[in-house]
1. Can you pull out every residue in region 37-74 that is under 18 Å from L101 (Cβ atoms), within 16 Å of the ligand (Cβ to nearest atom) and either of a type outside the set (A, V, I, L, M) or assigned to a loop (DSSP other than H, G, I, E, B) (or both)?
2. Report every pair of residues separated by at least 6 positions or lying on different chains whose Cβ atoms are under 7 Å apart, first residue within region 55-69 and closer than 12 Å to G36 by Cβ and hydrophobic (A, V, I, L, M, F, W, C), second modelled with pLDDT of 95 or more and within 12 Å of the ligand (Cβ to nearest atom).
3. Filter region 147-161 down to residues that are more than 16 Å from the ligand (Cβ to nearest atom) and assigned to a strand (DSSP E or B) and give me whichever is modelled with the lowest pLDDT.
4. Output the residues belonging to region 174-214 that are polar (S, T, N, Q) and either out of contact with any Asp or Glu (no Cβ under 6 Å at 6 or more places or on another chain) or under 16 Å from D265 (Cα atoms) (or both).
5. Give me the residue from region 331-382 that is within 21 Å of W57 (Cβ to Cβ) and among the hydroxyl-bearing types (S, T, Y) and, out of that set, nearest to the ligand (Cβ to nearest atom).
6. Can you tell me how many residues within region 127-146 are in a strand (DSSP E or B), away from the ligand (no atom under 16 Å from the Cβ) and either within 25 Å of D410 (Cβ to Cβ) or of a type in the set (D, E, K, R) (or both)?
7. So is G422 within 17 Å of the chain's Cα centre (by Cα) and open to solvent by less than 10 Å² (accessible area, probe 1.4 Å) or not?
8. Yes or no: region 442-461 includes at least one residue that is touching a residue at least 24 places away in the same chain (Cβ under 8 Å), of a type in the set (A, V, I, L, M) and in a helix (DSSP H, G or I).
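The values are calculated or read from the model by the stated rules, or taken from the named source; none is laboratory data. As the structure is a prediction and not an experimental result, all values here were calculated from the model. As a convention, Cβ positions derive from the backbone with ideal geometry for all residues, glycine included, and neighbour counts pool all protein chains shown. Surface accessibility is based on the protein's heavy atoms, side chains included, excluding ligands, DNA and RNA. Shrake-Rupley method; radii C 1.70, N 1.55, O 1.52, S 1.80 Å.
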Amino acid sequence: MALDEEPGTPEAWWRTAVMYQVYPRSFADGNGDGEGDLPGLRAKLPYLADLGVDGLWISPWFPSPMADGGYDVSDFRGIHPMFGTLDDADAVLREARDLGLRVIIDLVPNHTSDQHPWFLEALAAAPGSAERARYFFRDGRGDSGEEPPNNWISAFGGPAWSRITEPDGSPGQWYLHLFAPEQPDLDWSNEAVLDDFDDVLRFWFDRGVDGLRIDAAPAMSKKAGLPDADYGGVLQFRTVDWDDNPHWDVDTVHDIFRRWRAIADTYDGDRAFVAEAVVSTPERLAAYLRPDEMHTAFNFPYLKGPWEAGPLRDVIDATLSSFAPIGVPSTWVLTSHDETRPVTRYGRTTTSSYFISDGAGEVSDLALGTRRARAAAMLMLALPGGAYVYQGEELGLPNVDDLPDEVLQDPMFLRSGGEMRGRDGCRVPLPWSGQEPPFGFSPEGVTPWLPQPESWRDLTVEAQEGDATSMLTLYRDVLRLRRETPGLYAAGLAWRESAPDVLDFDRDDALRCVVNLSTEPVDVPADRVLLSSIPLEDGQLPPDATAWLRP
Ligand code: NOJ
C-alpha cells in the first residue's frame with residue numbers, strides 16, 4: 001500500500017492494514033541481555049516486510065519499572081533503557097518506513113507508573129494540592145479513613161484503592177488504581193493532564209509515528225463524585241457485562257478523543273488512533289469511532305468468541321451492521337499479549353475467552369488447536385477491514401502454561417494469590433533459529449527473561465521457512481494472496497446459503513471464503529480453490545479448515 005495517500009481518503013491505510021503486534025521485550029534481543037530490544041527489532045524488520053504485513057504496533061517502549069509489562073509508564077516521552085534510546089526508536093521508524101511498513105505505538109493514558117515524577121510529587125504534596133489533583137486522591141471512609149473511598153475493584157483483583165502514608169508519617173489518603181497499585185489512575189478532567197498529553201501526542205507524531213493505540217480507553221473517565229459501582233454481585237472486572245458503570249465507558253470519555261482527533265488531523269499522512277475498548281455492545285464501541293473520534297478499534301467480541309459457526313456469523317454481522325452506518329471498517333483480531341494463544345485456546349473444549357478464567361487449566365489438544373488456528377487466520381484475513389497479528393501467531397506458538405511460578409511476573413498472578421495464572425504464558429520470547437533455547441532470540445548461552453520450551457525447536461522461523469505445511473508459510477501465502485486479490489479491499493461481504501456449521505461468503509466478485517466448522521467434510525469446487533488451510537481430501541474441505549476460492 002502506498003505511503004503517500006491523501007488524509008482521510010476511503011483508501012486510508014488503516015482501513016485495510018494488517019498490523020503485526022510487537023511485544024518488544026519478547027521479540028528479539030539485540031544486545032544479548034536476555035531481554036528483547038529495539039536493535040533486535042530493527043534487525044528483524046525485513047522479516048516482517050517479507051511476512052507481508054502492512055505495519056507494526058509496538059507495545060509500550062517507554063521507561064517503566066515493568067510492574068505491568070511496560071503498561072506502567074514513568075516517562076511518556078522516552079525509551080526504556082532496556083529497549084534502547086530515542087535514536088533507536090527513530091531508526092525503527094525510519095527503517096520501517098523504508099520497507100513500506102507503518103508503525104503505531106502504544107499510548108497508556110489512563111494511568112502512570114507510581115514512579116512517574118507526577119505521582120512522586122503528589123505523594124510528597126499535601127491533600128488538596130494541585131499535585132494530587134492530577135490523580136484521584138481521596139479521604140477514606142470509616143471513622144479514621146480506614147475504608148477505601150468507594151467499592152471499586154481493580155482489573156487485577158482486589159480493591160481499586162491503596163492507602164498512602166502522608167509525608168509526616170500519618171496514615172493518609174487513598175489513591176485510585178483500576179489496574180495494579182503501581183498504576184495510579186490519572187484524572188482526565190484535570191486541564192494539566194489534558195495539556196501535557198496534547199504535547200505527548202505531538203512529540204510522537206512529530207517523530208513520525210503513523211498512529212497510536214489507546215490503552216484502556218473506556219477507563220479514562222469516571223463518573224463525577226465517584227459513586228459506588230453495581231457489579232451485579234460478581235466482584236470481577238467484566239467490562240463486556242457492564243452498563244452504566246461509574247468507572248468504565250462513561251460518556252464524558254469521548255470529549256478526550258475529540259480533542260485528540262483534532263490534533264491528529266493537523267498532521268499529514270493519515271495518522272490514526274486504534275482504541276482498546278472492551279465495552280458491552282457493538283453500538284457502544286461504534287461511539288468511539290464517530291468521525292471526530294478514533295479511527296479504528298480492536299474487535300474484542302470477535303476475539304473472545306468461541307470457535308463455532310453461529311456465534312462467529314453473529315459477531316461478524318453485528319460488527320458490520322453497527323459500523324456500516326458510520327462508515328468505519330472493523331479491525332479483526334484473534335489474540336494479543338493479554339490472551340491465551342489461539343493454538344492452545346482452540347484445542348480446548350472451551351474455545352471462548354470472555355473472561356480470563358475461561359478454559360484456564362483445561363488440557364489442550366494442540367494438533368486440533370493448530371488446525372483451527374490455521375482456519376481462523378484465513379477467516380480473519382478474508383473479512384472486510386483491517387487485522388492484527390500478534391507476534392508468534394504466525395509461528396503457531398502455543399501458550400506456555402507450565403512456566404514455573406517463580407518466573408511469573410504478571411501482576412494478575414501476584415495480585416490474585418496465584419488464582420489467575422496471568423498472561424506470561426503468551427509472552428515467552430520468540431524462537432528464531434537453532435535447536436536449543438534461546439533459539440536465536442538471544443545469543444547462545446544467554447537465558448531469556450522467560451524460559452522457552454525445548455519443544456519450540458520445531459516452531460522456529462528457521463524450521464518453518466521453506467516448509468510448505470508450516471504456519472509461517474500459510475501466513476505468508478495468505479497475506480500475499482490478500483494483497484494480490486484485485487478489488488478485495490473495497491469489496492463487501494455477502495453470505496451464501498450453507499449448512500449450519502459452515503460459513504460461506506463472497507467478498508463481491510473478489511473472493512469466496514468457506515470455513516468448515518462442522519465435523520463432516522464439505523463439498524467445494526476444487527478447481528476454484530486458491531488456498532486452503534489444510535489440503536482438500538477427495539475434493540472436499542475437511543472439518544476445521546478454511547478455503548479461499550475464486551467466486
Ligand atoms: C491493556 C493492556 O493490553 C494490558 O496489558 C494492561 O495490563 C492493561 N491495559 C493496563 O494498562
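1. Matches in region 37-74: W57, S59, W61.
2. I58/D106
3. First, pick out the residues of region 147-161 that are more than 16 Å from the ligand (Cβ to nearest atom): 147-151, 159, 161.
Remaining after also requiring assigned to a strand (DSSP E or B): 147, 159, 161.
On the way: E147: 98, P159: 95, W161: 98.
In this case the residue turns out to be P159.
4. In the first step, residues of region 174-214 are kept if they are polar (S, T, N, Q); the result is 183, 189-190.
Those that are polar (S, T, N, Q) and either out of contact with any Asp or Glu (no Cβ under 6 Å at 6 or more places or on another chain) or under 16 Å from D265 (Cα atoms) (or both): S189, N190.
5. The qualifying residue nearest to the ligand (Cβ to nearest atom) is S336.
6. Taking region 127-146 and keeping what is in a strand (DSSP E or B), we get 135, 137-138, 141.
When the remaining residues are screened for being away from the ligand (no atom under 16 Å from the Cβ), the result is 137-138, 141.
So of that shortlist, the ones also either within 25 Å of D410 (Cβ to Cβ) or of a type in the set (D, E, K, R) (or both) come out as 138, 141.
Qualifying residue count, region 127-146: 2.
7. Details: within 17 Å of the chain's Cα centre (by Cα): yes; open to solvent by less than 10 Å² (accessible area, probe 1.4 Å): no.
Taking the combined requirement at face value, the residue does not satisfy it.
8. Within region 442-461 (the criterion being touching a residue at least 24 places away in the same chain (Cβ under 8 Å), of a type in the set (A, V, I, L, M) and in a helix (DSSP H, G or I)), the answer is yes, since at least one residue qualifies.
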